[in-house]
Amino acid sequence: MTVGLRATGLMKITRSLRRRLNERNVSDELLGDIEEKARRIPLHIDTNMLKIGFLGGGKMAQALAKGFVKAGLSKGEMILASCLPSDEGSIEAFREIESKTVHTNDAVATHGDVLILSVKPQVVPKILPELKDPEKLVLSIAMGISIETLEKGLPSGTPVIRVMPNTPALVGCGATVFSRGTHVTDEEAEITKRLFSAVGTCQEVDEHLIDPVTALAGSGPAYVYMFIEAMADGAVKMGMPRPLAYKLASQTVLGAGMMVRETGSHPGQLKDDVASPAGSTISAIHELEKNGIRSAVIDAIEAATLRCREFSTKKSY
């Protein structure tokens, strides 16, 4: 038996024991002690043995699957995804990494150690009743569906983690956060972090931060694309060929982001380092400030957050 299977088995045994002890009215203090001992056992996952099931095989599911395989966290043949029969593109994408696809969710629901709910939010209520095994770790990337809603729709005791990745995960540069549900162990949270770190950065947050995270990191790429396009348009106006303008603008944004991350310097300080006295940069900054760039971006994040909250309320069931 591999270490990975022992780790997975330990989580199942711990939950099964908790249910049995609950039935015998064992005290919460003793139950807590049992769980704390389980959490202290080191996690050594045989990542090549981690079976993953995707409920929904769209672009994000494909990106995640490819990232998991590329990072050595799973093998293509250990991944199973449900796709519509007409979605030939998704089926082919999974075939390219030697993963199988099916047209129904029941096979996926019994397949994985980890099940990833990667369907549109409005489809979630139809799928949850098909997930009948409380031992499966369920990761939901469906926008606006709360942990409370997920737990209510799944068998009692199911470990649920709400995950918010963004589209740059498609190129291995995603920014992901996750929030754990009531029944999630430290080991399961670590599995989640390892998986999503394979396609970028990943950090655990409280669930109340999911909406502003969605507004910042989830919607944020759209704001950056607009900025890249605007910078390129400005360069084209001044005579630069458009292909070169897009290449330089995108590389500049990428490089600036890396400077913030890698140096640990405040963005304002990095801005000051570029802005020489009476130079071209400070003149450009003045124009941006006159047009309210900071206020516009702040307003955009606020508007997106409020819309996310509104969406979450409407999608509750």
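Checked against (1) under 27 Å from Val163 (Cβ atoms); (2) assigned to a loop (DSSP other than H, G, I, E, B); (3) aliphatic (A, V, I, L, M), Ala278 passes all but condition (1). Only a single criterion out of (1) among the hydroxyl-bearing types (Ser, Thr, Tyr); (2) surrounded by fewer than 17 Cβ atoms within 10 Å (Cβ to Cβ); (3) part of a helix (DSSP H, G or I) is not satisfied by Thr182, namely (3). Of all residues in the range 192-237, exactly one satisfies the criterion of being hydroxyl-bearing (Ser, Thr, Tyr) and part of a loop (DSSP other than H, G, I, E, B), namely Ser219.
A quick yes/no check of all residues on (1) of a type in the set (A, V, I, L, M, F, W, C); (2) without any contact (Cβ under 8 Å) to a residue 60 or more places away in the chain; (3) farther than 25 Å from Glu148 by Cα:
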residue	(1), (2), (3)
Phe54	yes, no, no
Leu64	yes, no, no
Val69	yes, yes, yes
Gly89	no, yes, yes
Glu92	no, yes, yes
Ser118	no, no, no
Pro121	no, no, no
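Scanning the range 115-145 for residues that are touching a Pro at 6+ places or on another chain (Cβ under 6 Å) and not in a loop (DSSP other than H, G, I, E, B) yields a count of 1. Pick from Ser265, Ser250: which is within 22 Å of Cys173 (Cα to Cα), out of contact with any Leu (no Cβ under 6 Å at 6 or more places or on another chain) and not in a helix (DSSP H, G or I)? Matching residue, one of Ser265, Ser250: Ser265.
Here Val171 meets the list (1) under 17 Å from the mean Cα position of the chain (by Cα); (2) at pLDDT 95 or above; (3) within 30 Å of Ile293 (Cα to Cα) almost entirely, failing just condition (2).
Among residues belonging to the range 243-285 that are under 28 Å from the mean Cα position of the chain (by Cα) and among the aliphatic types (A, V, I, L, M), point out the one that is surrounded by the most Cβ atoms within 10 Å (Cβ to Cβ).
Ala249
Any residue in the range 100-123 that is at positive phi and surrounded by fewer than 23 Cβ atoms within 10 Å (Cβ to Cβ)? The answer is no; no qualifying residue exists.
Quickly run through the range 206-232 and pick out the residues that are among the acidic types (Asp, Glu) and surrounded by 15 or more Cβ atoms within 10 Å (Cβ to Cβ).
Glu207, Asp211
The single condition among (1) more than 20 Å from the chain's Cα centre (by Cα); (2) within 15 Å of Gln62 (Cβ to Cβ) that Ser82 does not meet is (1).
The values are calculated or read from the model by the stated rules, or taken from the named source; none is laboratory data. A quick note: this is a predicted structure, and the numbers were derived from the prediction, not measured. For neighbour counting, all protein chains shown are included, and Cβ atoms are generated from backbone atoms with ideal geometry for every residue, glycine included.
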